[in-house]
Amino acid sequence: MKKVVYCLVNFGGPRSLEEIAPFLTELLCDRDVVWTKFPSFIHNWLFGRVARKRAVKIAYDYAKIGGKSPIYEDTEFLAQELEKRLSAPVLTFHRYLPAAHAASLRAIEQCDAEEIRFVPLFPQFTYATTGSIARFFDRRLPRKIRTKMQCIRSYPTHPAFIAAWQRRIGEFLQEKGLSEVAWLFSAHGLPRRFVDKGDSYQEECTRSFDAIRTAFSGVARLAYQSKFGPGEWLRPYTDESCEQIASWSEGKKEIVVVPLSFTSDHIETLFEIEEMYLPVLRQKGVCAYRCPALNREPYWIDALAEISQSSARVALTSLIRP
């Protein structure tokens, strides 16, 4: 039997207030995330400055959620639990935590495997997340390691993923005693020009939205949050959908916000949804709730194990933006 080592890849998040600046610098200097026509040295200088200024501004946001992002610890926990279910080693990689890169790359290079299976914690594909990690590996790993990599591109409608979200939502409704609600599914935003250039993210978010909502009644809307910088991003925007709740909620007085593209709660859910969107909804006279992400739920780990074993796989280079 072929020896497979799994590599669980995720966004990464600052593990302390001190890591916010290097986290943002790594993120904003990534040209799969921020497209410019500047030479690399100008791009990095400019967005390094933006990152340092923004780090000061959002330190308050992180302080309100405990001084760090939970996403690093959640990913490490998932890897440990997946090892038990898969009976195989599970490595991790955190794209925007530069302090963790060397150890992750070393572990990947030194693993004794015939296949290294790349498993993203991004259910919907975009070149700005899964594609960025693929490019990073393509540039940093030796060819003999890259040729062993078989990559799960995405799993927006994988039955195990959809069932996990439906269970998560169902349990939340039961916990809160909710029945007749309107749904606001909120995915992370993406610049419109990414999709215009062929990125499949919006289409995959729509497929996930359509599949998950079949288990629930009531009006539902898919919107996109976390817009950063100028330019058109995917619409409708979550903040505008909150402001316009009366125009689409069909009079429902209870609204549940579901973080569609987030498998782990972090700054975009714990602060952005909680502190920026729910208060707007409540000011409009409705009872608003945030459904937690999948986080560490045992059935999500079971689903990940199934996804890791049953999903179609592609070559690393096929994930990289042309």
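Of all residues in the stretch 284-308, those that are closer than 13 Å to residue 169 by Cβ have Cβ atoms under 6 Å from Cβ atoms of residues that are assigned to a helix (DSSP H, G or I) and of a type in the set (Gly, Ala, Ser), 6 or more apart or on another chain, in 294/164; 299/164; 300/164.
Here is a yes/no grid of residues against (1) among the polar types (S, T, N, Q); (2) in contact with a Pro (Cβ under 8 Å, 6 or more places away or on another chain); (3) over 27 Å from residue 320 (Cα atoms); (4) at pLDDT 95 or above:
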{"residue": "44", "(1), (2), (3), (4)": "yes, no, no, yes"}
{"residue": "51", "(1), (2), (3), (4)": "no, no, no, yes"}
{"residue": "56", "(1), (2), (3), (4)": "no, no, yes, yes"}
{"residue": "87", "(1), (2), (3), (4)": "yes, no, yes, yes"}
{"residue": "99", "(1), (2), (3), (4)": "no, yes, no, yes"}
{"residue": "102", "(1), (2), (3), (4)": "no, no, no, yes"}
{"residue": "117", "(1), (2), (3), (4)": "no, no, no, yes"}
{"residue": "122", "(1), (2), (3), (4)": "no, no, no, yes"}
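Among residues of the stretch 121-160 being basic (Lys, Arg) and in a loop (DSSP other than H, G, I, E, B), the one that is nearest to residue 35 (Cα to Cα) is 153.
When residue 37 is tested against (1) modelled with pLDDT under 95; (2) closer than 22 Å to residue 103 by Cβ, exactly one condition is not met: (2). Just to be sure before I move on: is residue 204 farther than 17 Å from residue 165 by Cβ, among the charged types (D, E, K, R) and outside any loop (DSSP other than H, G, I, E, B) in the structure I sent? No. Candidates 261, 208, 217, 226: the one that is at positive phi and not assigned by TED's automatic domain parsing to the domain that holds residue 76 is 226. For residue 75, are the conditions met, namely being within 30 Å of residue 302 (Cβ to Cβ) and in the same structural domain as residue 118 (by TED's automatic domain parsing)? Yes: the conditions hold for residue 75. Considering 317, 206, 263, the condition of being β-branched (Val, Ile, Thr), closer than 30 Å to residue 137 by Cα, surrounded by fewer than 19 Cβ atoms within 10 Å (Cβ to Cβ) and in contact (Cβ under 8 Å) with a residue 60 or more places away in the chain is satisfied by 317 alone.
The values are calculated or read from the model by the stated rules, or taken from the named source; none is laboratory data. Every value quoted in this text rests on a predicted model; they were computed, and no experiment measured them. In this analysis, Cβ positions are derived from the backbone assuming ideal geometry, glycine residues included, and neighbour counts consider all displayed protein chains.
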